[in-house]
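Report on the following structure.
The values are calculated or read from the model by the stated rules, or taken from the named source; none is laboratory data. Computed from a prediction, not measured in an experiment: that's the story for all the values here. When we count neighbours, we look across all protein chains shown, and the Cβ atoms used for this are built from the backbone with ideal geometry, even at glycine. Remember, those area values only see protein heavy atoms, side chains included, never the ligands or the DNA or RNA. Shrake-Rupley method; radii C 1.70, N 1.55, O 1.52, S 1.80 Å.
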Amino acid sequence: MDITDQQSKGWLIGILAGGKSTRMNSDIPKVLHPIAGKPMVAHVLQSIRTATKANVSVVVPPNSKSIREQLDQNVSFVEQAIPLGTGDAVRQLQGISNKENLSILIAYGDTPLIKPGTISRLIAKHESSNATVTLLTSISSSPNDYGKIIRNASGKIVKLTEYSDLEESQLHNSEVNTGLYAFNGKWLWATLGQLKPSEKGEYYLTDLIEKAASSEMAIESITTENEIEGIGVNNRIDLAKVEQIMRRNILNGWMTEGVTIIDPSATYIDAEVKIGKDTTIHPNTSILGQSAVGQGCSVGPNTVIRNSIIHDRVEVIASIIDRSTLYPDVTVGPFSHLRPNTVIGNHSNIGNFAEIKNSMVGAYTAIGHFGYIGDSTIGNGVNIGAGTVTANFNGQTKSRTNIEDDAFIGSDTILIAPVNIGKRAYTAAGSVITKNVPTDNLAIGIPAKMEPMSEPKKKSWQIKLAKKKSCAKSKLGEA
Ligand code: UD1
Ligand code: CA
């Protein structure tokens with residue numbers, strides 16, 4: 001039996017996410033605000049899952065489709081009809097608790113930094129001590145933001161007191177309640193009903209501690225390694241603080257795995273991203289969502305990669321890559337934009353100011369300069385000249401452009417889709433292609449014609465030039 005099996009037997013886990021989120025001042029439930037690209041409550045769930053395989057149930061508000069969608073399939077949900085406090089939220093779990101659930105672990109959905117190891121430690125302590133309640137406390141440098149742990153002269157916990165109810169002498173206590181608790185199930189369900197509402201009309205889960213102490217039940221505690229772990233997110237200032245800590249942890253993790261991060265203070269990597277070793281991330285770069293970057297890549301500076309797969313040895317400079325795949329040895333940028341559903345084959349080069357959308361580009365193809373490729377399939381070894389535009393939209397429908405292997409598209413070619421350019425076909429600079437170009441054919445556009453300038457035109461042009469020259473001279477004189 002490994003540790004998670006051992007820590008799963010007999011346990012039911014509840015995550016509280018039914019609150020009003022008033023202090024966030026948001027239309028989005030607090031627990032869904034992302035930290036490193038992942039909802040706060042999903043971080044809590046992930047830590048719990050690493051520590052134990054026990055069933056998890058999340059207490060949610062009514063109409064909480066968004067919360068349900070953001071969590072994995074293996075959790076159940078119970079509704080708290082009115083947010084009447086943390087004690088009332090836990091009461092909603094009673095209905096799903098069965099007689100095998102001897103112990104109940106409660107976590108709050110707004111404490112995303114609690115580590116799996118700490119959850120394991122709490123479970124182990126609760127089991128070994130056979131306590132009625134076991135708490136996770138934290139020594140905080142801003143203790144007045146939390147409920148405080150009140151101990152008696154012999155150091156035993158006798159009460160948890162919310163800030164608003166503290167007496168003057170308790171204000172300096174720095175040991176606080178993090179909101180992670182293990183309870184004896186039988187005692188919990190028997191005692192929850194005895195909670196009385198606070199002045200605000202809320203049932204505080206924390207009031208259970210005084211009840212346990214006054215009936216001489218054993219109360220145990222463990223403490224976090226540092227105060228950071230115990231941070232609860234109540235407002236957007238807390239959110240930014242936790243975001244920064246989480247991001248730094250992620251970066252430290254990747255640096256340990258062999259990724260070079262030139263400036264961690266200007267690098268943003270989401271929680272779910274994967275990166276191969278000997279990749280270098282340059283400053284002002286974000287790698288977001290479900291992205292994966294291979295080995296030996298160079299990403300940035302000034303780059304955003306979102307939900308994309310970047311294979312080995314790819315180089316991206318100052319560009320945006322969104323929902324796209326880059327095969328090995330591709331180079332992109334500076335200043336290109338790869339929009340969703342774009343695939344670039346190995347060794348291809350996407351240079352400056354190129355926009356590519358919903359297109360497949362083969363291997364060893366060059367799109368080295370400004371241009372727009374949309375809804376296209378481009379083969380291997382193709383050269384796309386500067387200023388090439390696929391005219392994919394006629395105002396009503398979008399059509400595809402197909403360019404076969406080894407074709408050469410001259411600068412400033414406009415390809416009016418739907419259109420097919422055959423293998424090794426060649427379009428001359430400035431041509432407007434309205435019909436398919438067969439294999440090995442050459443398509444030439446309308447060349448500009450030479451004619452003498454009309455007299456009035458010549459005159460006005462010469463006046464303009466003279467003005468320009470005198471203006472430049474007087475500026476030189478000034479200097
Ligand atoms: C709570 C604790 C406090 C502790 C702090 C730790 C209580 C009374 N106080 O205060 O001692 O120091 O957390 O971060 O428990 N929730 C519900 N239903 C409700 C109310 C809340 O599900 O009716 C959920 C919230 O969504 C949230 C969690 O419970 O995820 C905690 O609620 P919150 O209002 O943030 O409690 P705090 O005031 O931070
Ligand atoms: Ca809180």
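Could you check how many residues of segment 415-433 are open to solvent by less than 50 Å² (accessible area, probe 1.4 Å) and at negative phi?
Number satisfying all stated conditions: 11.
Could you tell me whether segment 84-106 includes any residue that is over 20 Å from G230 (Cβ atoms), under 26 Å from the mean Cα position of the chain (by Cα) and among the small types (G, A, S)?
No, because not a single residue in segment 84-106 is over 20 Å from G230 (Cβ atoms), under 26 Å from the mean Cα position of the chain (by Cα) and among the small types (G, A, S).
If you check Y204, Y181, which single one turns out to be within 16 Å of ligand 2 (Cβ to nearest atom) and closer than 18 Å to L102 by Cβ?
Values: Y204 fails: closer than 18 Å to L102 by Cβ.
The match here is Y181.
Would you check if there is a residue in segment 226-235 being away from ligand 2 (no atom under 16 Å from the Cβ), over 30 Å from A190 (Cα atoms) and exposed (fewer than 15 other Cβ atoms within 10 Å of the Cβ)?
yes
Filter segment 272-296 for residues that are in contact (Cβ under 8 Å) with a residue 60 or more places away in the chain and of a type in the set (D, E) and give the result.
If the condition is that a residue be in contact (Cβ under 8 Å) with a residue 60 or more places away in the chain and of a type in the set (D, E), then E272 is the only one that fits.
Listed residues L105, L16, L84; which is surrounded by 22 or more Cβ atoms within 10 Å (Cβ to Cβ), touching a Phe, Trp or Tyr at 6+ places or on another chain (Cβ under 7 Å) and closer than 27 Å to I237 by Cα?
Working: L105 fails: closer than 27 Å to I237 by Cα; L84 fails: surrounded by 22 or more Cβ atoms within 10 Å (Cβ to Cβ).
So the residue among L105, L16, L84 that is surrounded by 22 or more Cβ atoms within 10 Å (Cβ to Cβ), touching a Phe, Trp or Tyr at 6+ places or on another chain (Cβ under 7 Å) and closer than 27 Å to I237 by Cα is L16.
State the number of residues belonging to segment 54-77 that are more than 16 Å from ligand 2 (Cβ to nearest atom) and open to solvent by 20 Å² or more (accessible area, probe 1.4 Å).
13
Going by the structure shown, is V259 at pLDDT 95 or above and closer than 25 Å to I119 by Cα?
In short, no.
Would you check if there is a residue in segment 207-214 being surrounded by fewer than 18 Cβ atoms within 10 Å (Cβ to Cβ), within 15 Å of ligand 1 (Cβ to nearest atom), without any contact (Cβ under 8 Å) to a residue 40 or more places away in the chain and assigned to a helix (DSSP H, G or I)?
Among the residues of segment 207-214, at least one is surrounded by fewer than 18 Cβ atoms within 10 Å (Cβ to Cβ), within 15 Å of ligand 1 (Cβ to nearest atom), without any contact (Cβ under 8 Å) to a residue 40 or more places away in the chain and assigned to a helix (DSSP H, G or I), which makes the answer yes.
In this structure, is I269 open to solvent by 10 Å² or more (accessible area, probe 1.4 Å) and either outside the structural domain of S47 (by TED's automatic domain parsing) or in contact (Cβ under 8 Å) with a residue 40 or more places away in the chain (or both)?
no
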